[in-house]
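Chemist: Questions regarding the structure given below will be posed in turn.
The values are calculated or read from the model by the stated rules, or taken from the named source; none is laboratory data. Being a predicted model, the structure only gives us computed values, none of them experimental. Here the Cβ positions follow ideal geometry from the backbone for every residue, glycine too, while neighbour counts run over all protein chains shown. Side chains are part of the model used for accessible areas, which takes the heavy atoms of the whole protein and leaves out ligands, DNA and RNA. Shrake-Rupley method; radii C 1.70, N 1.55, O 1.52, S 1.80 Å.
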Amino acid sequence: MRTLMITLFCTTSIMAGCGQSDTPMGNEEGQKSGVLGSATTAMDLKSIEGYALIRSKCASCHSLDSNRRKPGPTLKGIMGKKPSISGLPYEIWTEAAIDEWIESPTSVKKHTRMAIPGIKDAEERRQIISFLKHL
């Protein structure tokens with residue numbers, strides 16, 4: 001039993017080190033995998049408040065997985081990161097910064113490529129931000 005566990009751990013570790021895992025590349029559901037860490041499955045993400053809003057309002061331009069390329073940057077791990085967009089008045093993405101940004105991107109940066117009218121509903125923005133904390 002111990003030999004089987006060691007073999008499984010080593011094999012999985014080697015695969016993870018090569019960029020391979022037991023989840024498909026480009027998984028848009030934002031799955032995380034790891035040998036020792038907790039795995040967040042697509043089903044788990046779907047149960048998190050704000051998932052449906054992210055899918056309907058953000059996912060056409062933004063990926064929930066860092067392995068997928070879309071016109072906008074990935075939303076995976078965005079909280080606490082430095083914005084990839086130059087000229088924003090934020091050092092890092094905080095709840096307040098994301099709230100202000102998704103409420104009216106053009107008010108924050110006039111000539112942004114994120115040319116959406118914004119999400120005016122404060123409750124929707126709160127739910128989206130809540131979901132982003134889990135990515």
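Chemist: Select from the stretch 77-88 the residues that are open to solvent by 90 Å² or more (accessible area, probe 1.4 Å) and either acidic (Asp, Glu) or in contact (Cβ under 8 Å) with a residue 12 or more places away in the chain (or both) and list them in ascending order.
Modeler: Lys81, the sole residue that qualifies.
Chemist: Separate question: So which residues in the stretch 96-123 are acidic (Asp, Glu) and under 22 Å from Lys81 (Cα atoms), if there are any at all?
Modeler: Asp99, Glu100, Glu103
Chemist: In the stretch 34-51, which residues are in contact with a Gly (Cβ under 8 Å, 6 or more places away or on another chain) and either surrounded by fewer than 18 Cβ atoms within 10 Å (Cβ to Cβ) or modelled with pLDDT of 80 or more (or both)?
Modeler: Thr40, Ala42
Chemist: Condition first: of a type in the set (Phe, Trp, Tyr) and modelled with pLDDT of 90 or more. Can you find one or more residues in the stretch 8-16 that meet it?
Modeler: No, every residue in the stretch 8-16 fails to be of a type in the set (Phe, Trp, Tyr) and modelled with pLDDT of 90 or more.
Chemist: If you scan the stretch 44-85, which residues turn out to be of a type in the set (A, V, I, L, M, F, W, C), closer than 15 Å to Glu124 by Cβ and not in a loop (DSSP other than H, G, I, E, B)?
Modeler: Ala52, Leu53, Ile54
Chemist: Now for a separate question. Would you mind finding the one in Ile102, Ile54 that is open to solvent by less than 50 Å² (accessible area, probe 1.4 Å) and modelled with pLDDT of 95 or more?
Modeler: Being open to solvent by less than 50 Å² (accessible area, probe 1.4 Å) and modelled with pLDDT of 95 or more holds for just one of Ile102, Ile54, which is Ile102.
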